[in-house]
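Note sheet for the following structure.
The values are calculated or read from the model by the stated rules, or taken from the named source; none is laboratory data. Note that the structure is a prediction, hence the values are computed from the model and not measured. Glycine also receives a Cβ, built like all others from the backbone with ideal geometry; neighbour counts cover every protein chain displayed. For the accessible areas, the whole protein counts, side chains as well, though only heavy atoms, and no ligand, DNA or RNA atoms are used. Shrake-Rupley method; radii C 1.70, N 1.55, O 1.52, S 1.80 Å.
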Amino acid sequence: MTTNPREVLATLEAEALAAIATAADADGLEAVRIAFLGRSEGRISAVLRGLGSLPPEERPAVGQEANRVKGVVTAALEERTAALERPDGPASGTDLTLPGRRPWRGGLHPVTQAVDEIWHIFRDLGFARARGPEADTEWYNFEALNTPLDHPAADEQDTLYLVDSVLLRSHTSPVQMRTMETYPPPIRIIAPGWVYRRDTYDATHTPAFMQIEGLVIDEGVTFVDFKATLGEFARRYWGPDTQIRFRPSFFPFTEPSAEVDVKRVITRPDGTREDTDWLEIMGAGMVDPNVISNAGLDPERYTGWAFGMGPARIAMLKHGVDDLRTFFENDVRFLEQFVR
Ligand code: PHE
């Protein structure tokens with residue numbers, strides 16, 4: 001151990017700065033201050049107090065050095081005190097050299113993406129977008145659509161009632177009626193929206209789901225227009241080799257009614273091509289004359305066609321998702337895969 005006062009001061013300076021740097025909190029810093037700069041016990045103060053016992057020629061230089069060290073340590077104490085008070089200061093362990101965090105980038109839900117793609121194709125074919133209320137009346141949901149309330153279809157859909165004759169719409173078809181009442185033909189609309197049924201929640205059913213209604217009403221509209229438009233849609237959505245077929249079906253509000261299936265061609269990574277199975281994409285048909293007259297239009301003059309399709313089903317197929325529920329559980333790790 002040296003007794004040379006300059007070396008003693010150099011050691012004290014280094015020790016004090018190290019103690020300040022590692023002090024965890026304000027109490028720790030106060031202990032360091034007392035140990036080095038305290039009036040009676042402080043080790044740097046002691047050097048200053050001992051100046052008198054040094055040879056007179058050494059006093060000024062040692063005194064100056066002691067004061068410099070005292071200044072450095074005081075400044076370091078102040079700086080560290082301030083740093084500990086800053087919530088994100090160096091004291092909290094922030095590494096200022098770390099690259100910044102990327103801002104979180106949201107994306108559209110896969111079902112919303114499917115709705116947009118489908119709607120955009122019809123928009124390019126000259127359709128407008130329409131909407132209607134999710135809470136609607138028995139009249140719009142059933143009766144106006146040629147479906148008497150005791151009809152099995154009204155029952156089949158197992159409707160969620162709100163009050164008396166007001167219900168959560170069980171399909172987007174009420175938008176057909178509301179549009180025909182409001183806008184004069186020619187009508188070409190696409191109406192995506194939520195619909196509600198008292199379904200059990202399983203891999204292929206949810207009590208609330210998206211539907212996309214399509215409706216065309218004009219003079220001289222035939223089944224040929226219907227088939228041509230749906231064929232064009234399917235080729236634009238799934239590719240030029242896509243085929244469609246119509247299977248006879250029944251809906252009270254269309255006559256004739258059909259279920260429409262598509263068969264796609266898949267190209268494998270090795271270039272070989274394979275047809276998929278027929279896949280049902282919608283219920284559809286020529287609008288029943290009763291529906292046209294319920295809307296106040298002349299069924300002798302106007303004809304039309306309509307469809308209702310399920311975009312969630314279409315999104316499941318597109319992305320190879322086998323459980324519908326994954327779309328609604330809001331697990332960000334799942335949904336993130338569809339951000340583009
Ligand atoms: N509304 C029918 C359903 O939900 C689908 C449909 C719409 C059928 C339009 C024909 C015409 O099942």
Could you grab the relative contact order for the chain? Cα pairs under 8 Å, six or more apart, rounded to a whole percent. 14 percent
Would you grab the residues whose amide H sits under 5 Å from the one on Leu297? Only those 5+ places off in sequence or on another chain, please, with H modelled 1.01 Å from N. none
Going Cα to Cα from Lys227, which lysines come in below 19 Å? Please leave out same-chain ones fewer than 8 positions away. Lys263
Under the 0.36 nm per residue contour assumption, what length would be gained going from the current alpha-carbon distance of Asp95 and Arg273 to full extension? 58.7 nm
Rounded to the nearest whole Å², what accessible area per residue is found for the range 110-338 with the 1.4 Å probe? 49 Å²
Charge dipole of the range 110-338 built from unit charges on the beta carbon (Lys, Arg +1; Asp, Glu -1), centred at mean Cα; most positive-end Cα among Gln337, Met309, Leu149 is Gln337
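How many percent of DSSP beta bridges within the chain run antiparallel, rounded to 5?
Numbers: 48 of 50 bridges.
Expressed as a percentage, antiparallel bridges in the chain total about 95.
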Starting from 0.36 nm per residue, how many nanometres of slack lie between Ala208 and Arg333 once their C-alpha separation is accounted for? 42.7 nm
Magnitude of the Cβ-charge dipole (Lys and Arg +1, Asp and Glu -1) of the range 5-92 about the Cα centre, nearest 20 debye, reported as 300 debye
Obtain the nm distance between the two label points defined at Asn290 and Lys263 by a simple spin-label model: each point lies 7 Å from its Cα along the Cα-to-C-beta direction. 3.5 nm
If I fit a long axis through the Cα atoms of helix 223-238 and take the longest principal axis of the Cα atoms of the chain, what angle between them do I get, 0 to 90°, rounded to 10? 20 degrees
Given labels modelled 7 Å from the Cα in the Cβ direction, how far is it in nm from Ser249 to Leu54? 10.0 nm
Compute the helix-to-body angle for 26-37: its Cα long axis versus the longest principal axis of the chain, expressed 0 to 90° and rounded to tens. 20 degrees
Provide the per-residue ³J(HN,Hα) series for the range 265-276, in order, calculated from phi with Karplus coefficients 6.51, -1.76, 1.60 and θ = phi - 60°, each as a whole number of Hz, with x at glycine and proline positions. 10, 9, 9, 7, x, 7, x, 6, 10, 9, 7, 7
So what J values fall out for the range 122-131 if you push phi through Karplus, 6.51 cos²θ - 1.76 cosθ + 1.60 with θ = phi - 60°, rounded to Hz, Gly and Pro as x? 5, 4, 5, 8, x, 8, 9, 9, 10, 8
How much length, in nm to one decimal, is gained on full extension between Arg131 and Tyr183, taken as 0.36 nm per residue of separation minus their Cα-Cα distance? 17.4 nm
Which log10 I(q)/I(0) values does the chain give at q = 0.07, 0.11, 0.15 Å⁻¹ under the Debye formula, counting every alpha carbon as one identical point scatterer? -0.50, -0.79, -1.21
Quick one: with all protein chains in place, what share of the accessible area of the chain is carbon or sulfur, to the nearest percent (1.4 Å probe)? 52 percent
Cα→Cβ-extended label distance, 7 Å offset, between Glu280 and Glu300, nm: 3.8 nm
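Using the heavy atoms of the protein chains and a 1.4 angstrom probe, tell me the accessible area per residue for the range 5-92 in square angstrom. Could the numbers behind the result be given before it?
Values: 5280 Å² over 88 residues.
Result: 60 Å² of accessible area for each residue.
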Counting helices only, and only those DSSP H runs with n ≥ 4, report the 222 nm mean residue ellipticity of the chain as the sum of -39,500 (n - 2.57) divided by its residues, in deg cm²/dmol to the nearest 500. -12000 deg cm²/dmol
Treat every Asp and Glu Cβ in the chain as -1 and every Lys and Arg Cβ as +1, leave all other atoms uncharged, and give the resulting dipole magnitude about the Cα centre to the nearest 20 debye. 1480 debye
